[in-house]
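Asker: My questions all concern the structure below.
The numbers here are math on the coordinates, done by the rules we state, and not lab data. The structure displayed is predicted, hence computed values, not measured ones. Don't worry about glycine lacking a Cβ; one is built from the backbone with ideal geometry, like all the others, and counts go over all protein chains shown.
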Amino acid sequence: MYPNGQAYLARPDAPEGSTRFPQARLAPISDHRTIYVSGTACCRPDGTWPGVTENSDGTWILDIQQQTAAVLENIDNIIKGATDGKGGIHNLIDAVVYILDMESQYAGMNEEWNKVFKTRESAPARATIGVRELPDARMIVEVKAVAVVDF
């Protein structure tokens with residue numbers, strides 16, 4: 001069993017493919033705490049923005065893969081901090097990914113997601129939603145998540 005419980009796969013014999021998430025997760029039965037992670041972006045506590053490069057004219061180059069990797073690392077750090085190191089990104093049971101452009105950004109976001117979650121069996125349930133805008137113009141991806149951590 002994975003630290004985020006048991007995966008439910010509607011078609012367990014289906015190939016992994018390019019998208020790695022189960023249809024549902026069953027939270028582990030034990031003494032655990034549920035952590036609800038607010039919408040999280042790539043911005044670091046020190047004020048840096050991985051995946052954001054400012055041009056000399058004040059416009060930005062925004063990289064979906066770098067931002068996604070930073071978002072997932074930020075979520076890992078949030079869960080570790082909230083649980084005194086007892087949990088991390090692999091305790092996620094559910095996630096909602098918000099991106100600005102499904103056509104041009106989904107594949108890059110998903111590639112970074114799959115680097116963290118190697119199989120559908122270990123990944124949280126997930127929805128990905130294309131949105132018109134996010135709270136800051138430098139943001140092209142935001143993730144809201146729920147984790148379960150044994151104590």
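Asker: Taking the Cα atoms only, what angle lies between the long axis of helix 64-82 and the longest principal axis of the chain, rounded to 10 degrees?
Answerer: 50
Asker: Per-residue HN-Hα couplings for the stretch 100-114, Karplus 6.51 cos²θ - 1.76 cosθ + 1.60 at θ = phi - 60°, whole Hz, x for Gly and Pro?
Answerer: Going residue by residue, I get 7, 9, 4, 5, 9, 10, 4, 4, x, 4, 5, 4, 5, 4, 5 Hz, with x marking Gly and Pro.
Asker: Whose amide H sits under 5 Å from the amide H of Trp60, counting only residues 5 or more places off or on another chain, with H placed in the peptide plane?
Answerer: Asn55
Asker: Distance in nm between label sites at Lys80 and Arg11, each 7 Å beyond Cα in the beta-carbon direction?
Answerer: For Lys80 paired with Arg11, the spin-label model returns 3.7 nm.
Asker: Would you mind checking which residues have amide H under 5 Å from Leu100's amide H? H placed 1.01 Å from N; only 5 or more apart, or other chain.
Answerer: The list, which skips near neighbours in sequence, is Val131.
Asker: Only helical DSSP H runs with n ≥ 4 go in: add -39500 (n - 2.57) per run for the chain, normalise by residue count and round the 222 nm mean residue ellipticity to 500 deg cm²/dmol.
Answerer: Working: 2 runs with 34 residues, N = 151.
Mean residue ellipticity at 222 nm (helix-derived): -7500 deg cm²/dmol.
Asker: If one computes the Cα centroid of the stretch 80-151 and of the stretch 53-76, what distance in Å separates the two points?
Answerer: Cα centroid to Cα centroid, the span is 15 Å.
Asker: Normalized C-alpha radius of gyration of the stretch 34-80, against 2.2 N^0.38 Å?
Answerer: Relative to the rule-of-thumb radius for its length, the stretch 34-80 sits at 1.29.
Asker: What number does the stretch 18-150 give for Rg over Rh if you use C-alpha atoms and the Kirkwood radius? Let's see the in-between values first.
Answerer: Details: Rg = 15.0 Å, Rh = 15.2 Å.
Here Rg/Rh amounts to 0.98.
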